[in-house]
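Student: Sending over a structure as structure tokens; questions will come in a sec.
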């Protein structure tokens, strides 16, 4: 029997080095393209917000450079030069009917959003883009899946998939996430050494049990054992090297209280950015709230649930205003994330983390009232890309539901001519240097982004 | 009689054809299960033909992992440590068909193992801080550690340990830097709780074609108790009591009468009646000032308590759909205009609008996803949970908001909605059910006027049932109790819970036989025993 000798982790040497992550105030925001032009994209952050939006309040009225914020995009008005708004992308995989009783429309939209493949009765149609990217990019923790809220069904509580039957549970609590990422850095060296030795010995024993069992079970069962071993490896990585200073413990924010949801979301985003900085992971799949979620907005003075709001009557101004206001708040959170990435130094010592990171912000649906996955609201930022543009991708227009839609934001009708969300994922993967000819139901890369 | 046809038609067929407005009258409700298998074929006096079906075929499904609930109960029962608070931070077990134990969703990742590690370290510390209740010996003694490995570990891993495993655990204990037996035992407990032997339910016996007695015991105990088998059941295994169908049936009956079985039945109810949805129900406090997490607990408990009463009583279990006796919690009582008390109370109603589990505030709240009642959502729930006739989701991009349709009241709006032929096929199956439940608001209170200020509709009907029209939840319960597919569906739900997977065509024989076993006396126990026995 071999047993690893106790490792003094680099973290233990960083005792007392934990400092609160504070983001410097940014005095001026300018288009980032010149700075970023020479930097390769090496990380991916996906930011999801649930329950769609009223597209006429989302889509900018101009195409091309210098988009003027719509009522919803006021939420990122000051970051507009960093952002490209993408119109006309559709998730065709969500439109395909699953078996009866296996996924309502929310669930089909959500669980296929990152896979580009229709759901199965019990799982997903394939691996999700964050998981695939993480397989090719450095970082011991793989894709860091973090959600502010997670519902409890397989298709409405999971969006990241390591495989068709491998939904990845999001981390939802800032203190737990911090514990996973950084807790050992807070111990004194003796404690840390002892804990590392004990945990190392225990995890070695667990590994042996997994390997033992692996040989005695059939191939179907081995899927879970492989997952278990992979997760143990990720956990063990926490015993090793940390290439940055760990942040201090986040505040304990009660999970069930909606009044603190904004703080919880920002604490989680801070930790995700730190995990990227510390090279624990290269990929983050962040969700601000599950599809169909019933969370409320006491901090905006709105007591309706998010899902109810998304089904309100858009012909009534007060109801439309609620949908607009909560979506604007969601978009503001993307702004917070972009600032956090911009404030963090890049790994080359030049530029910012944002220069090296592709950011995609999107919802699983466009309009709540129809749960449509056509003409999705999508924002992209970061990496070597010309930004500050509203890009409209081709599709067959329909005016069935949006007579008042701006001409620049065609309502796609779901025909074969629509441009697919999977094409964006393929573009992202290739921009990250991952050599894959297709992803999900993709048909080609999108021009003019990170090329 | 073609049992396969019946089971397939009732339980597995779904209503795929409703997009096209399929004629459901011809699809369901034709078969009866009365002319089934010969009751006396094996001389079993319970009327269950234990050998009616082939043993469960090997169905491709991933290894089962303990759910958070199962982990909690396992640690509580075997180590006497209540780790509920820590376990509340485990990732939620994603549900399929409302059940938290479907193996297809039981992936394991970093979010899990980091919590398992934290839980194992906490539990080990708890035991070592106060060793007497759990260990009954002094952990500073090596004998105490060895007793744990020899006696407690087989319970945790639910089978005898091999000699190499025992040696490895002792070596792990001796690897601690300070060499103290107490710290060594701590490592053993931590490793035991993070091991795949505990976290998963491996069945290597199946690789040799047959589950071992310990593997059968583990299946039974997580099905019926939502927990590990424990010492008593292990003794029965060692005595060979699980080596025959008859033995399994007897053990299953003993387990059904054990207090731990209430946990298993609660797990069944979560999925069968979807009480799990109450976990995520919220209400606008301005519209529903009485809404609180405590009320949510009451709403869940009143459904669970009612199921429990009929699951363990002598009456036909399906009385649960019609009985005027409801169990009200201290906070839910006012929803029924009943006097508020500090304790749970049982009240016998003399009111056609109160009777049966469908009239409980719990069911009526969980079928209202938002602040406004949805006849569609309630109808879908009846089809899905009680009849196992799930509807396909609406076609893509259909405008689904009935409130945007023209019409003065909900019935008219839904009717206008159904005038679209692409909607009518499915909605004619669900809307009329929900319209018969409009007299209850989104917290289950009786009302006369609905949210739109219109008189709440009272008449409902269940397309496809012989006697389809009804007024109120108790009458609906009576219609459903008479429907043969309600019983087949209950068997299907029990099978999903027992096996932690969705049903397949290969389950048709088991479902038909189990339904028949249930119909003999109407006892839920017979249904559970039949499924446990035929699929050992």
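The values are calculated or read from the model by the stated rules, or taken from the named source; none is laboratory data. Remember, predicted model here, so these are calculated numbers, not experimental data. Backbone-built Cβ (ideal geometry, glycine too); neighbour counts: all protein chains shown.
Yes or no, residue by residue, for (1) surrounded by fewer than 23 Cβ atoms within 10 Å (Cβ to Cβ); (2) touching a helix residue (DSSP H, G or I) at 6+ places or on another chain (Cβ under 8 Å):
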site	(1), (2)
B:422	yes, yes
B:431	no, yes
B:455	yes, no
B:468	yes, yes
B:481	yes, yes
B:510	no, yes
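Student: Let me ask you something else. State all residues of the range B:36-62 that are within 11 Å of chain A (Cβ to nearest Cβ) and either more than 22 Å from the chain's Cα centre (by Cα) or modelled with pLDDT of 90 or more (or both); if no residue qualifies, say none.
Tutor: The one that is within 11 Å of chain A (Cβ to nearest Cβ) and either more than 22 Å from the chain's Cα centre (by Cα) or modelled with pLDDT of 90 or more (or both): B:58.
Student: Kindly evaluate residue B:222 against the criterion of being crowded, with 22+ Cβ neighbours inside 10 Å and either within 12 Å of another protein chain (Cβ to nearest Cβ) or not in a helix (DSSP H, G or I) (or both).
Tutor: Answer is no for this residue.
Student: Looking only at residues that are without any contact (Cβ under 8 Å) to a residue 24 or more places away in the chain and part of a helix (DSSP H, G or I) in the range B:282-311, which one is surrounded by the fewest Cβ atoms within 10 Å (Cβ to Cβ)?
Tutor: Filtering first and then ranking leaves B:293.
Student: Still on this structure: Out of all the residues in the range A:141-149, is one or more more than 13 Å from every other protein chain (Cβ to nearest Cβ) and over 30 Å from residue A:266 (Cβ atoms)?
Tutor: No: zero hits.
Student: Next question. Exactly one of (1) at the interface with chain B (Cβ under 7 Å from one of its Cβ atoms); (2) without any contact (Cβ under 8 Å) to a residue 24 or more places away in the chain is unmet by residue A:206. Its number?
Tutor: All conditions are met except number (2).
Student: So which residues in the range B:332-354 are in a loop (DSSP other than H, G, I, E, B) and buried (at least 21 other Cβ atoms within 10 Å of the Cβ)?
Tutor: Answer for the range B:332-354, where residues must be in a loop (DSSP other than H, G, I, E, B) and buried (at least 21 other Cβ atoms within 10 Å of the Cβ): just B:332.
Student: Still on this model: In contact (Cβ under 8 Å) with a residue 24 or more places away in the chain and facing another protein chain (nearest Cβ under 7 Å): which single residue out of A:172, A:180, A:120 fits that description?
Tutor: A:180
Student: Within the bounds of the range B:355-367, is there any residue that is touching a residue at least 12 places away in the same chain (Cβ under 8 Å), part of a helix (DSSP H, G or I) and under 30 Å from residue A:366 (Cα atoms)?
Tutor: yes
Student: Please work out which one of (1) at pLDDT 80 or above; (2) surrounded by fewer than 20 Cβ atoms within 10 Å (Cβ to Cβ); (3) more than 25 Å from the chain's Cα centre (by Cα) is the condition residue A:395 fails and give its number.
Tutor: Tallying (1) at pLDDT 80 or above; (2) surrounded by fewer than 20 Cβ atoms within 10 Å (Cβ to Cβ); (3) more than 25 Å from the chain's Cα centre (by Cα), residue A:395 fails exactly one: (2).
Student: Within the group B:104, B:143, which residue is buried (at least 16 other Cβ atoms within 10 Å of the Cβ) and part of a helix (DSSP H, G or I)?
Tutor: Criteria check complete, one pass: B:104.
Student: Can you pull out every residue in the range B:291-308 that is in contact with a strand residue (DSSP E or B) (Cβ under 7 Å, 6 or more places away or on another chain) and over 14 Å from residue B:268 (Cα atoms)?
Tutor: The one that is in contact with a strand residue (DSSP E or B) (Cβ under 7 Å, 6 or more places away or on another chain) and over 14 Å from residue B:268 (Cα atoms): B:302.
Student: Does at least one position in the range B:180-201 carry a residue that is under 14 Å from residue A:206 (Cα atoms), over 31 Å from the mean Cα position of the chain (by Cα) and within 7 Å of chain A (Cβ to nearest Cβ)?
Tutor: Checked against the condition, which is being under 14 Å from residue A:206 (Cα atoms), over 31 Å from the mean Cα position of the chain (by Cα) and within 7 Å of chain A (Cβ to nearest Cβ), the range B:180-201 yields at least one hit.
Student: Residue B:112 - would you say it is buried (at least 19 other Cβ atoms within 10 Å of the Cβ) and modelled with pLDDT of 95 or more?
Tutor: Yes, satisfied.
Student: I need the full set of residues from the range A:151-170 which are surrounded by fewer than 24 Cβ atoms within 10 Å (Cβ to Cβ) and farther than 18 Å from residue A:230 by Cβ, in order please.
Tutor: Scanning the range A:151-170 gives a single hit, A:152.
Student: Additional query: Of the numbered conditions (1) assigned to a helix (DSSP H, G or I); (2) surrounded by 18 or more Cβ atoms within 10 Å (Cβ to Cβ); (3) touching a residue at least 24 places away in the same chain (Cβ under 8 Å), residue B:211 satisfies every one except a single condition; which is it?
Tutor: Failed condition: (1).
Yes/no matrix, rows are residues, columns are (1) closer than 20 Å to residue A:77 by Cβ; (2) in contact with a helix residue (DSSP H, G or I) (Cβ under 6 Å, 6 or more places away or on another chain); (3) more than 14 Å from chain B (Cβ to nearest Cβ):
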{"position": "A:287", "(1), (2), (3)": "no, no, no"}
{"position": "A:295", "(1), (2), (3)": "no, yes, no"}
{"position": "A:317", "(1), (2), (3)": "no, no, yes"}
{"position": "A:328", "(1), (2), (3)": "yes, yes, yes"}
{"position": "A:331", "(1), (2), (3)": "yes, yes, yes"}
{"position": "A:342", "(1), (2), (3)": "yes, yes, yes"}
{"position": "A:345", "(1), (2), (3)": "no, no, yes"}
{"position": "A:361", "(1), (2), (3)": "yes, yes, yes"}
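Student: Which helices (runs of 4 or more DSSP H) sit wholly inside the range B:386-503 and have at least 1 residues that are modelled with pLDDT under 95 and closer than 13 Å to residue B:375 by Cβ?
Tutor: Qualifying helices (runs of 4 or more DSSP H): B:410-418, B:421-435.
Student: Next up: When the range B:72-101 is examined, which residues are found to be touching a residue at least 60 places away in the same chain (Cβ under 8 Å) and either part of a loop (DSSP other than H, G, I, E, B) or touching a helix residue (DSSP H, G or I) at 6+ places or on another chain (Cβ under 7 Å) (or both)?
Tutor: B:73, B:75, B:77, B:78, B:79, B:95, B:96, B:97, B:98, B:99, B:100, B:101 - these are the residues of the range B:72-101 that are touching a residue at least 60 places away in the same chain (Cβ under 8 Å) and either part of a loop (DSSP other than H, G, I, E, B) or touching a helix residue (DSSP H, G or I) at 6+ places or on another chain (Cβ under 7 Å) (or both).
Student: Hey, among B:184, B:179, which residue is over 14 Å from residue A:212 (Cβ atoms) and at pLDDT 95 or above?
Tutor: None of the other options fit; the residue is B:184.
Student: Name the single residue that is farthest from the other protein chains (Cβ to nearest Cβ) among those in the range A:80-102 being at pLDDT 70 or above, more than 30 Å from residue A:388 (Cβ to Cβ) and out of contact with any strand residue (DSSP E or B) (no Cβ under 9 Å at 6 or more places or on another chain).
Tutor: A:96
Student: Let me ask something else. State yes or no: is residue B:168 buried (at least 17 other Cβ atoms within 10 Å of the Cβ), within 13 Å of chain A (Cβ to nearest Cβ) and either farther than 25 Å from residue B:138 by Cβ or in contact with a helix residue (DSSP H, G or I) (Cβ under 8 Å, 6 or more places away or on another chain) (or both)?
Tutor: The answer is yes for residue B:168.
Student: If you don't mind, another one. Output the number of residues of the range A:259-285 satisfying the condition of being within 14 Å of chain B (Cβ to nearest Cβ), touching a strand residue (DSSP E or B) at 6+ places or on another chain (Cβ under 7 Å) and either free of Cβ contacts under 8 Å to residues at least 24 places away in the same chain or part of a helix (DSSP H, G or I) (or both).
Tutor: 3
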